[in-house]
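These notes are about the structure you will find just below.
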Amino acid sequence: MKIRKIGERALQCLFVNYLKLLENTVRIEWHEENRYGDSQIFGFWHEDSFFMNLVLEKLAHKTTPVDVVVTADTRGNYIEHMIKRCGGNALRVPDGYRAFAALKNIARDSCEKTHSIAVALDGPLGPRHEPKKLAFYLSEHAQEEFVGISISYTSCIRLNRRWDKYAIPLPFSKVTVAVHNYGVTDRKHIPELPVNADAVCCESIQLAGG
């Protein structure tokens, strides 16, 4: 158990230091179509979870502190550590049928508290780019606007053997972040979400040209 704890802390230190390196070397290009309010529901693709720590850190200065829905298993320990380092708070939710009670509490709290919530739309285990209903249920239940976040990388490592093809950007690269407000949504009318920021930028250029 002690060796496991040491290994866990070593990985946490590695992840946090790499985030610091990215923070100091990566150039972020923002494309924002959102008016930040007191609280919103942010949705992103699971593959972008690593860099989303820095994105949410930036967004937290524009809106209320952001709570991030995170798995309750061991993987969530590393994620929670990075989220806290970036000024956010982790909402631990178990996988499977046990998630119901936790999600019910999150939905209740979203009406009672003034805070923003971030959710990996296709998490925790996919399928990739198929959004689940949680973020849109929270938007409907709390009558908060849903804001989709898409990310593109000029250079990154992709873990192609994972279901989500997890992306880890490389230092001194450029990351494009597209933020789009879809308004209050619901579970029965899920908007079509771009899989990366490049798709959002191309669509914006076409609309401007037209």
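Since every read-out is calculated from the coordinates, none of them should be taken as a lab result. Being a predicted model, the structure only gives us computed values, none of them experimental. Glycine also receives a Cβ, built like all others from the backbone with ideal geometry; neighbour counts cover every protein chain displayed.
A few comments on the model shown:
- Approximate shape of the stretch 1-117 as ellipsoid semi-axes (Cα gyration tensor, √5λ), whole Å, largest first: 24, 22, 11
- Expressed to the nearest 5 percent, the antiparallel share of DSSP beta bridges inside the chain is 35 percent.
- The residue list 25, 190, 154 was ranked by how far each Cα lies along the charge dipole of the stretch 2-209 toward its positive end, using unit charges on Cβ atoms, and 25 comes out on top.
- Cα centre as origin, Lys/Arg/Asp/Glu Cβ charges: the chain dipole, Debye: 1020
- Distance cut-off 28 Å, percentage of C-alpha pairs in the stretch 2-209 lying past it: 24
- For the chain: relative contact order, % (alpha-carbon pairs under 8 angstrom, 6 or more apart): 28
- Nonlocal Lys pairs with alpha-carbon distance under 20 Å, the chain (8 or more apart, or different chains): 17
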